[in-house]
Amino acid sequence: MVLCCGPLVPQPPVQAAENLVFVSGAFRRSIPVADLEYLANTGQARGLLADVLALARQNPATVAKMLKESISLPVTLLSRLLNTRIGEALLQRVGQIVFPLYASGDSVPALRSAVILGLVQGNGSLSAISFFKAYPTQEMEVSIPALLSLMSKASSISELVRFFSESPLDGLKGSN
């Protein structure tokens with residue numbers, strides 16, 4: 001009788017985002033997550049991503065650094081937070097920008113899943129790349145108009161993040 005077929009190593013998710021699909025009306029362009037990961041690891045862009053960065057006058061090394069930056073968060077605390085009314089509202093807001101292609105109504109559970117699974121797989125640390133790799137659908141849509149709208153309100157989002165990371169939650173951090 002065989003008790004084990006192989007090493008007990010965590011397996012990658014069955015589905016993960018393979019493409020970020022940027023959409024604005026009839027405009028649609030896909031950038032493979034593999035190209036973003038390549039940029040993060042090498043500092044060099046390839047394919048459509050190289051063209052997009054050149055058109056946007058963005059330094060690939062700067063974007064690579066941003067993709068690799070990670071944030072450490074307690075998984076249990078964040079899971080609890082994402083299941084509160086405030087967390088749900090934040091997920092809905094982000095879910096207007098990023099959602100499964102052809103399934104915008106599934107944005108909240110997809111985001112929640114990607115954040116929690118990405119943190120678990122990253123041992124309490126989450127980066128953009130680990131988020132994409134944990135996203136539960138193969139194609140993740142990014143709404144360009146919604147993204148541009150958010151970028152114009154970035155200061156209010158940073159204040160919200162600061163609120164979540166400062167004193168109101170300090171008492172809960174020890175109760176993982």
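The values are calculated or read from the model by the stated rules, or taken from the named source; none is laboratory data. If you're wondering where the values come from, they're calculated on a predicted model, not measured in any experiment. Cβ: placed from backbone, ideal geometry, glycine included. Neighbour counts: every protein chain shown. Keep in mind that these areas ignore ligands, DNA and RNA; they rest on the heavy atoms of the full protein, side chains included. Shrake-Rupley method; radii C 1.70, N 1.55, O 1.52, S 1.80 Å.
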The lone exception for Tyr102 - which of (1) open to solvent by 50 Å² or more (accessible area, probe 1.4 Å); (2) in a helix (DSSP H, G or I); (3) closer than 20 Å to Pro32 by Cα it fails: (2)
Complete set of residues in the stretch 35-86 that are part of a loop (DSSP other than H, G, I, E, B) and more than 16 Å from Ser125 (Cα to Cα): Gly43, Gln44, Ala45, Arg46, Ala56, Arg57, Gln58, Asn59, Asn83, Thr84
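Yes/no matrix, rows are residues, columns are (1) within 23 Å of Arg29 (Cα to Cα); (2) among the polar types (S, T, N, Q); (3) crowded, with 18+ Cβ neighbours inside 10 Å; (4) at pLDDT 90 or above:
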residue	(1), (2), (3), (4)
Ser113	no, yes, no, yes
Pro136	yes, no, yes, yes
Phe164	no, no, no, no
Asn176	no, yes, no, no
Criterion (in contact with an Asp or Glu (Cβ under 6 Å, 6 or more places away or on another chain) and of a type in the set (Lys, Arg)) met by exactly one of Arg80, Arg93, Arg57, Arg46: Arg46
So how many residues does the stretch 60-93 have that are under 18 Å from Ile129 (Cβ atoms) and open to solvent by 60 Å² or more (accessible area, probe 1.4 Å)? 8
Cβ-Cβ under 6 Å pairs, at least 6 apart or on other chains, the stretch 93-109 side charged (D, E, K, R), far side in a loop (DSSP other than H, G, I, E, B): none
Name every residue in the stretch 5-50 that is at pLDDT 90 or above, of a type in the set (Gly, Ala, Ser) and under 19 Å from the mean Cα position of the chain (by Cα), in order of residue number. Ser30, Ala34, Ala40
